1. Tally the residues that are among the aliphatic types (A, V, I, L, M), under 19 Å from A465 (Cα atoms) and touching a residue at least 60 places away in the same chain (Cβ under 8 Å), restricting the search to region 516-541.
2. Take the residues of region 181-199 that are loosely packed, with under 13 Cβ neighbours inside 10 Å and part of a strand (DSSP E or B): which is nearest to the chain's Cα centre (by Cα)?
3. Do the conditions hold for G303, that is, is it within 23 Å of the chain's Cα centre (by Cα) and small (G, A, S)?
4. Suppose we keep only residues that are modelled with pLDDT under 85 and among the β-branched types (V, I, T) within region 158-180. Which one would you say is nearest to the chain's Cα centre (by Cα)?
5. What single numbered condition from (1) part of a helix (DSSP H, G or I); (2) within 21 Å of the chain's Cα centre (by Cα); (3) modelled with pLDDT under 85 fails to hold for S123?
6. Pick from region 358-383 the residues that are among the polar types (S, T, N, Q) and surrounded by 14 or more Cβ atoms within 10 Å (Cβ to Cβ): which of them is nearest to R286 (Cα to Cα)?
7. Is it true that Y409 is in a helix (DSSP H, G or I) and either touching a residue at least 40 places away in the same chain (Cβ under 8 Å) or at positive phi (or both)?
8. Give just the number: which of (1) farther than 27 Å from F545 by Cα; (2) exposed (fewer than 12 other Cβ atoms within 10 Å of the Cβ); (3) in contact (Cβ under 8 Å) with a residue 24 or more places away in the chain does L386 not satisfy?
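The values are calculated or read from the model by the stated rules, or taken from the named source; none is laboratory data. Computed from a predicted structure; not experimentally measured. Please note: Cβ atoms are built from the backbone with ideal geometry, for glycine as well, and neighbour counts cover all protein chains shown.
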Amino acid sequence: MADYKNSNFSIRLPLLLSIALASGILIGATVFSPGPSKDVYQISQKFRDILTIIDRDYVDTVDTEKIVENAIAEMLSELDPHSSYIPPKDLTIVQSQLEGNFEGIGIEFNIIKDTIYVVSPISGGPSESVGLQAGDKIIKVDGKNVAGTYKRKDEKGVENEAKIQNRDVFDLLRGPKGTRVEVSIMRGKSSDLIDYTITRDKIPNYSVDVSYMVDNQTGYIKISRFAATTYDEFVNALSTLKKKGMKRLVLDLRGNPGGYMDRATNIADEFLGGNELIVYTKGKQRQYNSEVRALRPGNFEKGGLIIMVDEGSASASEIVSGAVQDNDRGLIVGRRTFGKGLVQYPFALSDKSELRLTISRYYTPSGRSIQKPYVGGGDESYEMDLMNRYKQGEFFHSDSIHFDENLKYKTLKGRTVYGGGGIMPDYFIPRDTTDYTQLYGEMIVSNVFREYALNYYNAEKKRFAKMKVEEFIKSFEITKPMMTEIMALAKTNGVKVDDSQLAKSDKLIRNVAKAFIGRSAFKNEGFFPVLHQADDEFIQAMRLFDKAENIANQTNN
């Protein structure tokens, strides 16, 4: 089961220090660190005393566990924005976003009008093997109704009715390999339920969303996050594209919130050679200091390279783009990245919760710290940074960005770059909102495109079964009758259709509708190539390979 959406929470997912660093094996931090200082011991004793007195003598019954959880949250809020505490109930879901696989029934789902829709059964997974199909509506799980309202127990065990949420779907359908779950679905226009018994299994969770040849010499790879299997996925994609004749590459890291550090450095190593520095870290404890260099022959050390980034590209994405930029290997295009240069280490706690504590900062080869400024003590300005950038016009005008001249650095070949907050691209591409209207935004929020695509695909399955993805991308069109159906669905979903806004967004609506139909029929291979036909950032990036090759070929100053 997968639900590919970036959220404020995902952008804050800490950059995890790999267990294997270049300098050797990083064992648990407690092996190296001395015990608590006298001051820490006395303070913790005070906390235990207060908690004991409250539990014993306070007039009302109290939830001491909740008190402790709140105290931990307050304590960490005094630190940096990325140190975090993950309760036991949330840890499995958070870990699965990075581990590269999980155990469940193997579907990608979406919730439309309080109903769980199967967007696609994951290839080779248990749901596909028993016959679940794209567009199926999940009505019951283990005999319990999950459509419309759902009876969920709160932390105190009290059952309440509420709308089904993503977390509920995870709880219901994920589970240990070998366990069974009964799923009742509704298919097409039939009101009859079809019952399936699905045996859970390990499900791959891919992070290379798509790779394909844009033309006879240009390859494209999109990485959504740096998870456990990302490097292997990337190497396979790169090798396949080279066999197809790839001479130049677009690596898309837009919206990529980061992940494992060593997966990022391994990918950077595929582009860099000659013992070039990729990244280094510095912490208070010496064991957290490290340096990573390009050590092995890369699979793409020559050839035009463009890396696409934006304000959603963070941590591990910034390691890759910073290493390529500072070593003058390729061209970074897009907008200034998020600005997360802090490294977290996961400390397992006795109750199976986890503390992810910032233990070092990372620096690009030129010496830049990419971490943007922050103030401890729960300062909200850090959380509002992207919104403030938007209000100040940074997403649309590069001259609204002002760098500190004291944080000026030089790349390997003498180009000027700046530290102090994110990677500034070599070539700025403003966010394109030409076709965006309130109408289009409401259609996205109300799931019009997904819902229409699933319905259309189910009605035209036989047609798509005879069609190749290349034919779909080149020839399939959203006709006038289809547009009428799409807008009728929008009205049904509560969207107010304004004719002037429809005229402005017509091309965009057609493109996105076609892309979602392509995704239902051909998965991501039919989705991203269609989106790119109207993606101004991608179109501009494709015109910049001369600049990318000039940077790589210029001599040192």
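1. 2
2. T197
3. Spelling it out, it is not the case that G303 is within 23 Å of the chain's Cα centre (by Cα) and small (G, A, S).
4. The extreme case among them is I164.
5. (1)
6. Among those that are among the polar types (S, T, N, Q) and surrounded by 14 or more Cβ atoms within 10 Å (Cβ to Cβ), it is S360.
7. No: the conditions fail for Y409.
8. (2)
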